[in-house]
Amino acid sequence: MKTSAIKNAFQSWMWWRKCPATDSSFEGDLDESPIRAELYNVDQLERHAKAVATTHTLAKGRIADQLLPRLTENEQVLVNAYDLISAAAEKNRRIASAAEWLLDNFYLIEEQIRSTRRLLPKSYSGELPRLLDGPSANYPRVYGIALELIGHTDGRVDASSLNGFISAYHRWCRSSLASYGHCR
């Protein structure tokens, strides 16, 4: 298979913000760049978490579940990518180390998908606080937080960066400014 097919599969997997199956206003192509931003150390992440919290305004009301339909889409993209990479490997074609990782660890991804389906109530994402505006508008606040953390750590999230970021975010939310529609 062509490298462009693998690239397109992964690019469509990364584009979670606008989901064709769950968002009737979807009008775009799936050619989105990776989630990247200036890399921060733990102290910088904590300062950034406060800044992020100041921009997050929560929307009112509930929306339909978005997590499980998106999980199904992502699963299909991953299966397609796995199949493409597997076919290339069977033909003794050279594959990138990230593709080798996917082949070696795909069973772990499948386990996580099955666990998520089994353990996540269908109405769960509709009950999560969601953002009013910004790139993650109408998506659960946790998506916006995760994007910021992933972008500023180059996807290398560890316990220290995660705990520091979330703690700083919530410290700001408990402050007096939180009463103005943020962080409820």
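Throughout, read-outs are computed from the coordinates displayed, never taken from laboratory work. As the structure is a prediction and not an experimental result, all values here were calculated from the model. Positions of Cβ are generated from backbone atoms using ideal geometry, with glycine treated the same way; all protein chains shown enter the neighbour counts.
For VAL42, VAL77, the sequence from fewest to most other C-beta atoms within 10 Å is VAL42, VAL77. A simple charge model with +1 on the Cβ of Lys and Arg, -1 on the Cβ of Asp and Glu and nothing else charged puts the dipole of the range 54-133 at about 240 debye relative to its Cα centre.
Residues TYR124, TYR139, TYR169, TYR107 in ascending order of nearby Cβ atoms (within 10 Å, fewest first): TYR107, TYR124, TYR169, TYR139. Since only ASN92, TYR124, HIS152 are under comparison, the one whose Cα sits farthest along the positive direction of the charge dipole of the range 44-184, derived from C-beta charges on Lys, Arg, Asp and Glu, is TYR124. Shown for TRP101, TRP172: other C-beta atoms within 10 Å of each C-beta, ranked fewest to most, produce the order TRP101, TRP172. In this structure, LEU58 and ALA159 have a Cβ-Cβ separation that, at R0 = 25 Å, corresponds to a calculated FRET efficiency of about 0.40.
Residues whose amide H lies under 5 Å from that of ASP154, counting only those 5 or more places away or on a different chain, are ALA37; hydrogens are built 1.01 Å from N in the peptide plane.
Here each label is just a point 7 Å from Cα along the line to Cβ, and for GLU110 and LEU71 those points are 1.7 nm apart.
Using amide H atoms built in the peptide plane, which far-off residues or other-chain residues are under 5 Å from ARG130 H to H? Close amide H contacts, sequence-distant or interchain: ALA59, ARG141. Extending 7 Å from Cα along the Cβ direction at ARG93 and again at LEU120 yields two label points whose distance is 3.1 nm.
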